[in-house]
Amino acid sequence: QLVESGGGLVQAGGSLRLSCAASGSIFSINAMGWYRQAPGKQRELVATITSGGRINYADFVKGRFTISRDNAKNTVYLQMNSLKPEDTAVYYCYAVAYTIYWGQGTQVIVSS
């Protein structure tokens, strides 16, 4: 019910834009955002945005990543600039409604 797109392979310093669209069966979405999980590591929060536009970023992406949201389309975006090899991970979007929904994950690989 959450469909992600936009991952891929990019060189260090490059950019990618992730998108995550919630299906029409999900109503009253409050927060949406992104987590990531690198090989051998725990899943960690990247960024979150509420329906009112309140945003929080993990310290390791501040100044490089930008989260945005189109409430009419129930879609959240993650613009990732100045990518580093340590940003390599599977990125998962989530949406908080009456329960928490997860996307299937999209792979981001940043080569040095």
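Centre-to-centre, using Cα atoms only, segment 89-112 and segment 62-88 are separated by 11 Å.
Given their separation in residues at 0.36 nm each and the Cα-Cα distance between them, S112 and A72 gain 10.6 nm when the chain is fully extended. For the chain, the dipole from Cβ point charges (+1 on Lys and Arg, -1 on Asp and Glu) about the Cα centre works out to 120 debye, to the nearest 20. Projected label points at N30 and L45, each 7 Å from Cα along the beta carbon direction, are separated by 1.3 nanometres. Straight-line cross-link partners of K84 among the lysines, defined as a Cα under 28 Å from its Cα and at least 8 positions apart when in the same chain: K41, K62. When all protein chains stay in place and ligands, DNA and RNA are ignored, the 1.4 Å accessible-area order of I67, I55, largest first, is I55, I67.
Return the loop-located chymotrypsin sites (Phe, Trp or Tyr not before Pro) in segment 10-62 (DSSP other than H, G, I, E, B) with at most 10 other Cβ atoms within 10 Å of their own Cβ; answer none if there are none. Walk me through the intermediate numbers first.
Values: sites: F27, W34, Y35, Y57, F60; in loops: F27.
Qualifying residues, ordered by number: F27.
Spread over its residues, the convex hull of the C-alpha atoms of the chain is 89 Å³ per residue.
Using heavy atoms of the protein chains and a probe of 1.4 Å, the accessible area assigned to Y77 is about 40 Å². Specify whether the C-alpha gyration tensor of segment 1-67 places it in the rounded, prolate or oblate class, a ≥ b ≥ c being the square roots of the eigenvalues: rounded for a/c under 1.5, otherwise prolate if a/b is larger than b/c and oblate if not. Prolate, because a/c is 1.5 or more and a/b exceeds b/c.
The values are calculated or read from the model by the stated rules, or taken from the named source; none is laboratory data. What you see is a predicted model; the values in this text were computed from it and never measured. All Cβ positions, glycine included, derive from the backbone under ideal geometry; neighbour counts span all protein chains shown. Side chains included, ligands, DNA and RNA excluded: accessible areas come from the protein's heavy atoms. Shrake-Rupley method; radii C 1.70, N 1.55, O 1.52, S 1.80 Å.
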